[in-house]
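This report concerns only the one structure given below.
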Amino acid sequence: RMANSIWEHSPYAYVILELFADNSEEKELASYRAGEGKGMLLWGNLNNAYIQNTTGNAASDLSSIYHANRDWTEPHLIGYMESHDEERLMYRSLQNGKSVSGYNIKDPTTALERIKAANIVFFTVLGPKMIWQFEELGYDESINRCPDGTISDGCRVAAKPIHWEYQNDAERKSVYDHISELLHLRHRYDVFTAGSATISTGSSFVKQITLKNTPYTESPADANAMNVQIAVNFDVNARNEAINFPHGGSWFEYFSGETLTITTTAYNLTLNPGEYRLYTDYPLKEPITGIMDEDKISNIIFPNPVEDEIHLNTHADSNVKIFGTDGREVKGFIKS
């Protein structure tokens, strides 16, 4: 009744439910009036599962991040790793990360690299996703942080420090750029948003995702028809694992640019702790730096909302003008 009333007033409105009900009920709501381009969206809480993997403490199953693994016909699951009511992955890694000789997840550099690994098996999966505040910079203040710096369950909704300076930290900015890369791929190639996914289940620390394009072909003529194979090792030790590629032939690792030629679909790969691979069966023209160069000319304006002072960081070669919501020019800057 409520959704019908909303759509009667605003036909293109998104109806998002914080329900967390039985799967059969959520499935029905996700499909309601889907034939008309509607259907409701529901939150998919995978916080604990991702934390268990990023901290290296347990190889929790991540497959339910994909709506089809819940037997849903519509991609209406809004998956998330962090939220206003769930602990931060980075905080947990620094507090509870596992360590072995030569590899310590409590080390910030190592923890941030594992955050990148988590995002590889998050944004590549079909369906909407949520990033919580500063998650893209490895925010490491506890969700239960009090204003005085202590940690208490009673401070869950207390104000948290706003770390704008994280943007100037090269390792944290690397996480931001990494997520930008994944979103670029997601927006540019249909296999990430209109293909089908097979996600490994069970308790292995090595997670696998196979993305097949629609229609599926083993010989893509261009990148729009390509398929993707992903492998991530969340263990604290190196693992040699059979990765289930959808077909043999040449595969191209996106981040390193290396070519892998396989003759069997179950191909053994050795992955270092926290290492991730993203293979495509069509070579993408742009290396990782090339895509970022396209997007480097950007303006960063903060804070938002603005009270009495605004900060502008720009790399643009041209002059900059700021307009208000009424369309009037608020301020112009001449680049010196």
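The values are calculated or read from the model by the stated rules, or taken from the named source; none is laboratory data. The shown structure was predicted, so the numbers you read here are calculated from the model rather than taken from an experiment. Here Cβ is always computed from backbone atoms with ideal geometry, including for glycine, and neighbour counts include all displayed protein chains. Keep in mind that these areas ignore ligands, DNA and RNA; they rest on the heavy atoms of the full protein, side chains included. Shrake-Rupley method; radii C 1.70, N 1.55, O 1.52, S 1.80 Å.
Worth a mention:
- Here the spin labels are modelled as points 7 Å beyond Cα on the Cα-Cβ line, and at Asn237 and Trp7 they lie 5.3 nm apart.
- Each Lys and Arg contributes +1 and each Asp and Glu -1, all at the Cβ; summed about the Cα centre of region 100-145, the dipole is approximately 120 debye.
- Helical content of the chain, expressed as a calculated mean residue ellipticity at 222 nm, amounts to -7000 deg cm²/dmol (DSSP H runs of 4 or more residues, -39,500 (n - 2.57) each, divided by residue number, nearest 500).
- Peptide packing: for 181-194, 143-156, the average count of neighbouring Cβ atoms within 10 Å per residue gives the ranking 181-194, 143-156, highest mean first.
- For region 55-210, with all protein chains in place and a probe radius of 1.4 Å, 47% of the accessible heavy-atom surface sits on carbon or sulfur.
- Ordering Leu77, Asn168, Leu46 by the projection of their Cα atoms onto the charge dipole of region 25-182, which places +1 on the Cβ of Lys and Arg and -1 on the Cβ of Asp and Glu, puts Leu46 at the extreme positive end.
- Nearest-20 debye value, region 1-126 charge dipole, Cβ charges on Lys, Arg, Asp, Glu: 420
- Peptide packing: for 231-241, 6-16, the average count of neighbouring Cβ atoms within 10 Å per residue gives the ranking 231-241, 6-16, highest mean first.
- Packing here is the average count of other Cβ atoms within 10 Å per residue, and on that basis the peptides 242-251, 269-278, highest first, run 269-278, 242-251.
- Considering only Ser219, Ile230, Leu89, the residue lying farthest towards the positive end of the dipole of the chain is Ser219, judged by Cα position with unit charges set on Cβ.
- In this structure the chain gives 52 Å² per residue of accessible area when probed at 1.4 Å with all protein chains present.
- For the chain, the dipole from Cβ point charges (+1 on Lys and Arg, -1 on Asp and Glu) about the Cα centre works out to 240 debye, to the nearest 20.
- Multiplying the residue separation of Glu171 and Thr201 by 0.36 nm and subtracting their alpha-carbon distance yields 7.7 nm.
- Rounded to 5, percent antiparallel among DSSP beta bridges of the chain: 85
- Förster radius 45 Å - calculated FRET efficiency between Ile162 and Ser256, Cβ distance, rounded to 0.05: 0.80
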